[in-house]
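One structure below.
The values are calculated or read from the model by the stated rules, or taken from the named source; none is laboratory data. Since we're looking at a predicted model, the values are computed, not measured. Cβ placement follows ideal geometry from the backbone for every residue including glycine, while neighbour counts extend to all protein chains displayed.
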Amino acid sequence: MDTVIVTGASRGLGRYCAERLHETGYRVVGLGRSAVADAPFETREADVADPASLARALGDLRRDKNVFALVNAAGIASMNLVVTTPPETVRRIIETNLLGTIYCCQQVAPSLIMRGGGRIINFSTLGVPLAIKGEAIYVASKAGVEGFSRTFAREMAPYGVTVNTVAPGPIDTDLLDKVPKENVAAVVRQQIIPRQGEPADVWNVVSLLLSPASSMISGETLHVGGA
């Protein structure tokens, strides 16, 4: 049975994608910083911003040819102006979103190389092309993810591994709970498709990128909502 590793599987888009992958028939290994409650898939605790934590959680899969894909859905956000964002918040966002993505790719890539093919799907945001006020640090971390993914795609192409990025606009998950509704509405109005997305909209793109039909798609950022 093919294995898909999903980060951020304790909630939000990570949890949603992990559940859909489990229903599809994959062995899902979901990572979360804390225990994943009532999950139908296998779960392990790990902090993506800590390479040692990742190595402990995924060490047995590092050279496992059954590993087919990595879905990097772990991420954090904090809406604030640059000049009023505490340095600790800046560090935490960059470490989790950008460095965490890189560390996870480093951990899983050897298995995909040994297998001779596979998929890596990283997560960004429509905030990158839309340059949303109050999200500069978050956008910086995700712009880094997009640049990393494009370059990493070239490195992994000789091994039959595609690397792509999914960039949603506001999606109805708990990540938006602390964001004022008027701020969400302002972002949605800037999208090409001016409506708030559902987790299923993102899953549709993820499932496409995991499918054989996407074998010629790599190094791309797919915007859910349009920018």
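Can you confirm whether residue 58 is outside any loop (DSSP other than H, G, I, E, B) and without any contact (Cβ under 8 Å) to a residue 60 or more places away in the chain? Yes: the conditions hold for residue 58. Suppose the filter is assigned to a loop (DSSP other than H, G, I, E, B) and surrounded by 19 or more Cβ atoms within 10 Å (Cβ to Cβ); does residue 36 pass it? Yes. Taking the conditions (1) surrounded by 17 or more Cβ atoms within 10 Å (Cβ to Cβ); (2) in contact with a Ser or Thr (Cβ under 7 Å, 6 or more places away or on another chain) in turn, residue 224 satisfies each one other than (2).
Tallying residues that are more than 24 Å from residue 104 (Cα to Cα) and assigned to a helix (DSSP H, G or I) within region 131-149 yields 0. What number of residues in region 160-211 are part of a strand (DSSP E or B) and surrounded by fewer than 16 Cβ atoms within 10 Å (Cβ to Cβ)? Residues in region 160-211 being part of a strand (DSSP E or B) and surrounded by fewer than 16 Cβ atoms within 10 Å (Cβ to Cβ): 0 in total.
Within region 125-133, not a single residue is farther than 17 Å from residue 170 by Cβ and in contact (Cβ under 8 Å) with a residue 40 or more places away in the chain.
Suppose we keep only residues that are farther than 21 Å from residue 227 by Cα and in contact with a helix residue (DSSP H, G or I) (Cβ under 8 Å, 6 or more places away or on another chain) within region 135-159. Which one would you say is surrounded by the fewest Cβ atoms within 10 Å (Cβ to Cβ)? Among them, the one singled out is 159.
If you go through region 71-92 and pick out every residue that is of a type in the set (Val, Ile, Thr), within 13 Å of residue 8 (Cβ to Cβ) and out of contact with any strand residue (DSSP E or B) (no Cβ under 9 Å at 6 or more places or on another chain), you end up with 1. Scanning region 100-109 finds no residues that are surrounded by 15 or more Cβ atoms within 10 Å (Cβ to Cβ), more than 28 Å from residue 25 (Cβ to Cβ) and polar (S, T, N, Q).
Among (1) modelled with pLDDT under 95; (2) at positive phi, which single condition is residue 78 missing? If we test residue 78 against (1) modelled with pLDDT under 95; (2) at positive phi, just (2) comes out false. When region 93-123 is limited to residues that are part of a helix (DSSP H, G or I) and among the small types (Gly, Ala, Ser), the one that is farthest from residue 13 (Cα to Cα) turns out to be 111.
Is it the case, given these coordinates, that residue 41 is touching a His at 6+ places or on another chain (Cβ under 7 Å) and among the aromatic types (Phe, Trp, Tyr)? Answer is yes for this residue. The set of residues in region 1-33 being part of a loop (DSSP other than H, G, I, E, B), out of contact with any strand residue (DSSP E or B) (no Cβ under 6 Å at 6 or more places or on another chain) and of a type in the set (D, E, K, R) consists of 11, 33. Assess whether residue 70 counts as being in a helix (DSSP H, G or I), modelled with pLDDT of 95 or more and of a type in the set (A, V, I, L, M). No, not satisfied.
Between 12, 59, 30, the distinction of being modelled with pLDDT under 95 and under 15 Å from the mean Cα position of the chain (by Cα) belongs to 12 only.
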